[in-house]
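What follows is a single structure, written as structure tokens, with notes after it.
The values are calculated or read from the model by the stated rules, or taken from the named source; none is laboratory data. These numbers were taken from a predicted model, which means no experiment stands behind them. Cβ placement follows ideal geometry from the backbone for every residue including glycine, while neighbour counts extend to all protein chains displayed. Remember, those area values only see protein heavy atoms, side chains included, never the ligands or the DNA or RNA. Shrake-Rupley method; radii C 1.70, N 1.55, O 1.52, S 1.80 Å.
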Amino acid sequence: MYSGKAKDVKIYENNKVKLIFRDSISAFDGEKKDIIQGKGEANCRMSAKLFEILNEYGIRTHYHSMLDNNTLICDKVEIIPVEVVCRNVTAGSFCRRYGVTQGLELLPPVIEFFYKDDELYDPLVTQEVAIQLEWMTKKEVMLMKAVTRAVNTILVELFDMISLQLVDFKLEFGRTHDGRIIVADEISGDSMRLWDKETGEVKDKDRYRKDMGDVIQHYNDVYDKLSKLSKLPELSLSTKAQVIVKLKKTVLDPAGEVTLRSLNRMNYQEIDNVRLGKHVFVNCLTAPSSELLKNLNDMSEKLFSNPLIEDYSIDLWFEEER
Amino acid sequence: MKIGITKFPGTNNEQDVTRVLNCLNVENELLYPRDYRKLKDFDALILAGGFSYGDYLRAGVVAARTSLIDELHDFIISEKFVLGICNGFQMLCEANYLPGVLTTNTSTRFISKWVNIKVNKTNSPLLKGLESKVLRIPIAHYEGNYYNTEASIKQLKDNSQIAFQYCNEKKVVESMSNPNGSIANIAGIVNDKGNVLGMMPHPERSSFHYLGSIDGRSIFENLIEELKC
């Protein structure tokens, strides 16, 4: 069905696919390429492990099960052509692009978008451009950012338990046949930077990029340490949302008119229209997801607004609590 | 024969309604939000006015999402009578048992005063004998501005569902007599079957001579008459 730089995707049953991890490894948009024995298996089981953990926290992913050592069964999705990168500490292309030194802490973590196209060298892309070029919708951007921040919170705490610092990572998202946005692709040593908290030793794909050697040994070391964890970090994830309810343009807003007249009396003559609306802040005790957004839509339609006279808009985000 | 009167937190007109029903010798009982299972024991329901749940969010909407008002669905389907007064009318609209919505008065003021309303011809037995009369009746509300789409207003007119319109003493429906900005001076409407009536004015406050008018009393008398047959 599809063959990428490190994985193949094959049709499975019931809207599912097989995600087959190969031993190939590449860097710098495919310019450096190699085969490393056991790499497919290492990334396959690491992805399965991390997807399982994310699922525990209510993050919706494409992962279903592991079929064999290098195959995952996943939901069939249409991959959104924009990668989301989340950075806790400066490294890699961020340092080159902005001329900053490696190792600076970024608080709150920074989120960047990259357009998936090797020929263009995966360029950094702004939200506005990605929406304009229809690579993703405004709603999808909002969800992808919130989910990425939630995933970051989980992974930072998780790796902290095995004394590793999550420097940065990349997520890909997919659209399901019923229109949900879920985390897709892989989450492994190939898609993140991990540094040992004590020694600063590199435990990720930078070992390959910088020819440091022992790539698989370090991937497997991270996996083994994760496997030995007896419990997961105690986190209570919550998603914030705000709903703005506005009177429709065709409906008279007496309160807005009174406010306008008051402004005019205060000598703000340049204003000719004031509309007052309502602001509803909602704290949701779940991780961000398409389902949550749908529930918020229902709440807005059934309670927060009266569709006859009012329109509403929903903003949803995830805040790191540290 | 027993009539229920709803009492939500913030409802403050239930005693006035009780007084009228007692005076007309009808058994009646207050119904609280959790009493929805009792609904089947009643022959008619009056949603009394006030400020249910502080009228937070929108007037009547929080009450409209309670089990009691949810259960009203079957009650209405079975063609039992429901009368929503003021906040009760707002609940019926927010619950979609009546079309439209009551929004802020154009004056942005709470209006408490006597008005005249013209009774139109409808299929509702609650308005029997009142057609084309003018009732002198008080209003007291902040959100009494009836709003609906042009198409729905036309439909209400065509189906003879506009029960009451604000008018002058000479029965002329004109903008000067419109206290709150309601489209087509609408003060009350009925559903298509005629068993649900919602109105902003207070018939219970115009049911005794000592209150200054008995024009509202006929609506309760009609209701009781209907329940007898």
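For the condition open to solvent by 20 Å² or more (accessible area, probe 1.4 Å) and outside any loop (DSSP other than H, G, I, E, B), residue A:134 does not qualify.
Entry remark, region B:147-165: residues being part of a strand (DSSP E or B) and either within 14 Å of chain A (Cβ to nearest Cβ) or charged (D, E, K, R) (or both) number 1 in total. The single residue among A:252, A:229 that is hydrophobic (A, V, I, L, M, F, W, C) and without any contact (Cβ under 8 Å) to a residue 12 or more places away in the chain turns out to be A:252.
Listed here are the residues, each with its yes/no results for (1) under 28 Å from residue A:314 (Cα atoms); (2) open to solvent by less than 10 Å² (accessible area, probe 1.4 Å); (3) assigned to a loop (DSSP other than H, G, I, E, B); (4) free of Cβ contacts under 8 Å to residues at least 60 places away in the same chain.
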site	(1), (2), (3), (4)
A:97	no, no, no, yes
A:130	yes, yes, no, yes
A:140	yes, no, no, no
A:165	no, no, no, no
A:173	yes, yes, no, no
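All told, residue A:216 falls short of being crowded, with 21+ Cβ neighbours inside 10 Å, of a type in the set (A, V, I, L, M) and not in a strand (DSSP E or B).
Scanning region A:274-302 for residues that are touching a helix residue (DSSP H, G or I) at 6+ places or on another chain (Cβ under 7 Å) and either free of Cβ contacts under 8 Å to residues at least 24 places away in the same chain or farther than 16 Å from residue A:241 by Cα (or both) turns up A:274, A:275, A:276.
Out of the residues in region A:243-257 that are open to solvent by 50 Å² or more (accessible area, probe 1.4 Å) and closer than 17 Å to residue A:304 by Cβ, state the one that is nearest to the other protein chains (Cβ to nearest Cβ). Looking at residues that are open to solvent by 50 Å² or more (accessible area, probe 1.4 Å) and closer than 17 Å to residue A:304 by Cβ, I get A:248. Scanning region B:91-146 for residues that are away from every other protein chain (no Cβ under 14 Å), in contact with a Cys (Cβ under 8 Å, 6 or more places away or on another chain) and either small (Gly, Ala, Ser) or without any contact (Cβ under 8 Å) to a residue 12 or more places away in the chain (or both) yields a single hit, B:140.
The residue that is least open to solvent (accessible area, probe 1.4 Å), among those in region A:1-35 that are aromatic (Phe, Trp, Tyr) and part of a strand (DSSP E or B), is A:21.
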